[in-house]
1. Pairs of alpha-carbon atoms within less than 8 angstrom and 6+ residues apart define the contacts here; what relative contact order does the chain have, in percent?
2. What list do you get for Ile79, Ile19 if you sort them by fewest beta carbons within 10 Å?
3. What order do you get for 64-73, 34-43 when each peptide is scored by the mean count of other beta carbon atoms within 10 Å, highest first?
4. Be a star and scan segment 52-75 for residues whose amide nitrogen sits under 20 Å from the point 7 Å along the Cα-to-Cβ vector of Ala121.
5. Figure the gain on full extension for Ala77 and Tyr92 (residue separation times 0.36 nm, minus the Cα-Cα span) and round it to one decimal in nm.
Amino acid sequence: MEFLKENAEYFERKAFEAIKEKPKFVLFFAEQALQLYVKYILAKELDDYPKTHNLRILFQKLAKIDAKAEKFYDENADIFDLLEEAYITARYLDKEYSVKSAEKALALLEKFKEEFKRWLA
């Protein structure tokens, strides 16, 4: 399961690097990092995780371990919606995102890591 955390950290690094050139990839990489961090926590606690890319489903499952996950998702739903959209559009459509949106994605990633740091240390 450590590979999930290692992969999340890789995507996180790539998200921070991409801000200079391609904001749309910041959102894509941040979404990937969040997915993998949540899956890592679930695997660590439950020895398994849902085989989905849907952040809402992943956070619902995480809420069974830590009730603050539901609140975290709800409070940041607009950014999560943007990340889920970017998961598809960054790969298949010619849509760009603003640097401001990219910065919000990075801030959400940092906020997540701070909120759930006990599992990520």
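Nothing in this text is a laboratory measurement; each read-out follows from the coordinates by a stated rule. All values reported here derive from a predicted model rather than from experimental measurement. All Cβ positions, even for glycine, are placed from backbone atoms using ideal geometry, and neighbour counts span all protein chains on display.
1. 32 percent
2. Arranged by neighbour count, lowest to highest, Ile79, Ile19 become Ile19, Ile79.
3. For the peptides 64-73, 34-43, the packing ranking is 34-43, 64-73.
4. 65-69, by backbone N distance to the label point.
5. That pair, Ala77 and Tyr92, stretches by 3.1 nm at full extension.
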